[in-house]
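The values are calculated or read from the model by the stated rules, or taken from the named source; none is laboratory data. Because the structure is a prediction, the values reported are computed rather than measured. Cβ: placed from backbone, ideal geometry, glycine included. Neighbour counts: every protein chain shown.
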Amino acid sequence: MSILDRPLGAGVPQGNGANGNGSGPRKELHRLLAVRRLQGISRRTVARRLNSDVATVRRQEDPSVDLPISQLYEWQRALEVPVSELLVESDDSLSQPLLRRAQLVRLMKTALAIREQAEHEAVNTLAQTLIDQLIEVMPELRGVSAWHAVGKRRRLDELGVAAHRSLSDDVFIDLTD
């Protein structure tokens, strides 16, 4: 059966089971969630890289969701990992190169945050030396940004400040009159 012969929505699990009828265990088809977490990338960042929204990313991260290969390649580009790392393998561990990369990215983020917050020149110099050495080991770290140091993330059920502001009735007046 080709993908063109499948009914719309086929492959997306319904209910609790992978076969859609709510029975049986859910079969894991991919490792998007695990790889994203290991890479230290937020859902919001992935959504931005995929030109999507966070709710869609959350649904796609469900290991039992059957995604088309084209979607896996989009995730591969967003997470900057080999597509083979996104697929479920017989063993549950990620490859050594991917684990090493994730560790180096986290280390780079920490070094950049230390440099940004350093109050003494000696600490700033040490942090910059560490950053330079990390880039020497792994040149693609050059584009990594520091950990976010400002603010607190909102929960999904919390509203931002803009939602609590009131608007004047003048805003809603039709200007075409």
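Results for (1) in a helix (DSSP H, G or I); (2) surrounded by 14 or more Cβ atoms within 10 Å (Cβ to Cβ); (3) small (Gly, Ala, Ser); (4) at pLDDT below 90, shown as yes or no for each residue.
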residue	(1), (2), (3), (4)
ARG49	yes, yes, no, no
SER52	no, yes, yes, no
LEU67	no, yes, no, no
GLU85	yes, yes, no, yes
MET108	yes, yes, no, no
LEU126	yes, yes, no, no
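Consider GLY11 carefully, then state whether it is surrounded by fewer than 17 Cβ atoms within 10 Å (Cβ to Cβ), at pLDDT below 65, at positive phi and more than 10 Å from the chain's Cα centre (by Cα). Let's see the steps before the verdict.
Values: surrounded by fewer than 17 Cβ atoms within 10 Å (Cβ to Cβ): yes; at pLDDT below 65: yes; at positive phi: yes; more than 10 Å from the chain's Cα centre (by Cα): yes.
Yes; evaluated as a whole, the condition is true for this residue.
Of all the residues in segment 133-177, those that are out of contact with any Asp or Glu (no Cβ under 9 Å at 6 or more places or on another chain), among the aliphatic types (A, V, I, L, M) and either assigned to a helix (DSSP H, G or I) or modelled with pLDDT of 80 or more (or both) number 10. The single condition from (1) outside the structural domain of LYS27 (by TED's automatic domain parsing); (2) at pLDDT below 90 that ARG115 fails is (2). When LEU94 is tested against (1) modelled with pLDDT under 75; (2) more than 24 Å from GLY143 (Cβ to Cβ), only condition (2) is not met. When segment 54-65 is limited to residues that are assigned to a helix (DSSP H, G or I) and polar (S, T, N, Q), the one that is nearest to GLU28 (Cα to Cα) turns out to be GLN60.
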